[in-house]
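In what follows, a single structure is set out as structure tokens and then discussed.
The values are calculated or read from the model by the stated rules, or taken from the named source; none is laboratory data. Predicted model, so just to flag it, every value in this text is computed and none were measured. Ideal geometry is used to build each Cβ from the backbone, glycine not excepted, and the neighbour counts take in all protein chains shown.
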Amino acid sequence: MLTPAHFSAVVSFCCPNFAARAKVAANKHCTKRGNAGRMANAENRPSAASAGLNDDIGEATRLKMYRMQVEIREAEQRAYDLFLQNLVKGTSHLSLGQEAVATGFAAAMKPGDLSFCTYRGHAHTLARGVPVEQVLGELMGRDNGLMRGKGGSMHLTSAEHGVMGSCAIIGAHLPIACGAAWRAQYKGHKDVTVCFFGDGTTNIGAFHEALNFAAVWKLPVIFVCENNLYMEYTPIGDVIPVEHPAASRASAYGLEPVIVDGQDADAVYRAAFTAYERARAGGGPSLIECKTYRYSGHSRADPAKYRPPGELERWKERCPIKIYRERLKQFGIAESVIAGIEAEVRKVVDDATEACKAAPTPPLDIITTDVYADGGWAWRN
């Protein structure tokens, strides 16, 4: 069984040159963008040498990533609370503990990039900029929801934000992501498609077909495995013949095996940025395995009693928000600034909750709308 202790050396073990390339790419990125996010307040922050840390990301980006992780955590916890109040109908799949993965990839994206995810998609939707009110409203089946309450927790979609849909069928969205990437390649566009999936997906045929197709055509797509150790209720290590569900299979498709500490948003950001640059330059797909952990069960119906004693507690010691909060302080960010972000996010979530509670349910006359792309529902041959 993999534990957090494995992750300090895991990137260098599986991909010795990857971290160095990510650092170089991120530095190029900061220079290319006019240092806007890199060092607006450089004089107020200790140097990388004095802090003993890598300073390639920049204060503005780090503050943005901390805010997003806190927003995801607060929104997911609120969704749990609303479920207990019977205000969220049906089930839901939370990303508590996995906030750094969605945050790191979203922070490295450019406008126009597309993302596909699973039914555990609240975090990825929020990370792309969809307001908390629209996400909670959708979970509560209210008219102010992202899809006016018609999609619910497992089908969050917003083309405006590049959120191309949460998919409830395991592995089904990987070939669709290939299609989106092929469209960009065919039209000569520079957008990149990112496809998030769980460790269990690596045992699905669509995973292997999609990777093969993407590798043959050198598509601008990034496959991201959020390995939280469990395939629903089954430890992934019990049902695979290799050590790493995604990374160990990369070589079969000519891809580099990349493993990232999914509890560290900076590590995720660097890996994501390198993969984005590779895809935009015509270098083809990447397969990145993020080692992470979900604090809750598979869904709200799952008490997760199958976990061994102490496992949850050990992973909570590596809480991504706790890690990032401490890093901000190491970079000289004042406690008042950090606490201010946390207070602002809590107010956003509180205000969104009240707005959703007050919002009406959708009218019945929209039940036949949005079935087809033209907004209608009539059958056509």
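Taking segment 149-158 as the search range and keeping residues that are assigned to a loop (DSSP other than H, G, I, E, B) and small (Gly, Ala, Ser), which one is farthest from the chain's Cα centre (by Cα)? Walk me through how you get there before you give the answer.
Filtering segment 149-158 down to residues assigned to a loop (DSSP other than H, G, I, E, B) leaves 149-152, 156-157.
With small (Gly, Ala, Ser) added as a condition, the list becomes 149, 151-152.
Values: Gly149: 23, Gly151: 20, Gly152: 19 Å.
Filtering first and then ranking leaves Gly149.
Quick one: how many residues across segment 312-324 are free of Cβ contacts under 8 Å to residues at least 24 places away in the same chain and either of a type in the set (Lys, Arg) or surrounded by 12 or more Cβ atoms within 10 Å (Cβ to Cβ) (or both)? Walk me through it before giving the result.
Residues of segment 312-324 that are free of Cβ contacts under 8 Å to residues at least 24 places away in the same chain, as a first pass: 312-313, 322.
Next cut, either of a type in the set (Lys, Arg) or surrounded by 12 or more Cβ atoms within 10 Å (Cβ to Cβ) (or both) only: 312, 322.
Total meeting the criteria: 2.
Here Arg62, Arg73, Arg21, Arg67 are screened, and the one residue that is surrounded by fewer than 20 Cβ atoms within 10 Å (Cβ to Cβ), modelled with pLDDT of 80 or more and touching a helix residue (DSSP H, G or I) at 6+ places or on another chain (Cβ under 9 Å) is Arg67.
Quick grid of which residues meet (1) β-branched (Val, Ile, Thr); (2) assigned to a helix (DSSP H, G or I); (3) within 17 Å of Gln77 (Cα to Cα):
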| site | (1), (2), (3) |
| --- | --- |
| Lys305 | no, no, no |
| Leu312 | no, yes, yes |
| Arg318 | no, no, no |
| Ile321 | yes, yes, yes |
| Arg327 | no, yes, no |
| Ile333 | yes, no, no |
| Val337 | yes, yes, no |
| Asp351 | no, yes, yes |
| Lys357 | no, yes, yes |
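Is it fair to say Gly376 is in contact with a Ser or Thr (Cβ under 8 Å, 6 or more places away or on another chain) and loosely packed, with under 13 Cβ neighbours inside 10 Å?
Working: in contact with a Ser or Thr (Cβ under 8 Å, 6 or more places away or on another chain): yes; loosely packed, with under 13 Cβ neighbours inside 10 Å: yes.
Answer is yes for this residue.
Applying the condition of being part of a loop (DSSP other than H, G, I, E, B) and in contact (Cβ under 8 Å) with a residue 40 or more places away in the chain to segment 209-239 and asking which residue is surrounded by the most Cβ atoms within 10 Å (Cβ to Cβ) yields Pro220.
In segment 220-272, what residues are among the aliphatic types (A, V, I, L, M), touching a Pro at 6+ places or on another chain (Cβ under 7 Å) and closer than 21 Å to Tyr66 by Cα? Before you say what the answer is, go through the steps one by one.
Just the residues of segment 220-272 that are among the aliphatic types (A, V, I, L, M), to begin with: 221-222, 224, 229, 231, 236, 239-240, 242, 246-247, 250, 252, 255, 258-260, 265, 267-268, 271-272.
Within this subset, residues satisfying the condition of being touching a Pro at 6+ places or on another chain (Cβ under 7 Å) are 221-222, 229, 236, 247, 250, 255, 265.
Once the filter is applied, which keeps residues that are among the aliphatic types (A, V, I, L, M), touching a Pro at 6+ places or on another chain (Cβ under 7 Å) and closer than 21 Å to Tyr66 by Cα, segment 220-272 yields only Ala265.
For segment 67-118, a tally of residues being over 28 Å from Glu335 (Cβ atoms) and polar (S, T, N, Q) returns 6. Counting only helices (runs of 4 or more DSSP H) wholly contained in segment 77-148, no element carries 2 or more residues that are crowded, with 24+ Cβ neighbours inside 10 Å and among the charged types (D, E, K, R).
A quick yes/no check of all residues on (1) surrounded by fewer than 19 Cβ atoms within 10 Å (Cβ to Cβ); (2) out of contact with any Cys (no Cβ under 8 Å at 6 or more places or on another chain); (3) of a type in the set (D, E, K, R):
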| position | (1), (2), (3) |
| --- | --- |
| His298 | no, yes, no |
| Lys305 | yes, yes, yes |
| Glu326 | yes, yes, yes |
| Ala352 | no, yes, no |
| Thr361 | yes, yes, no |
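Whenever a residue of segment 355-381 is closer than 15 Å to Leu146 by Cα, its partners that are of a type outside the set (Lys, Arg) and not in a loop (DSSP other than H, G, I, E, B), lying with C-beta atoms within less than 8 angstrom and at least six residues away or across chains, give the pairs Ala355/Glu133; Ala355/Gly137; Cys356/Glu133; Cys356/Leu136; Cys356/Gly137; Ala359/Gly137. Filtered by the rule that a residue be more than 15 Å from His208 (Cα to Cα) and surrounded by 20 or more Cβ atoms within 10 Å (Cβ to Cβ), segment 166-181 gives Ser166, Cys167, Ala180, Ala181.
Within segment 227-269, the set of residues being under 17 Å from the mean Cα position of the chain (by Cα) and at positive phi comprises just one member, Leu229.
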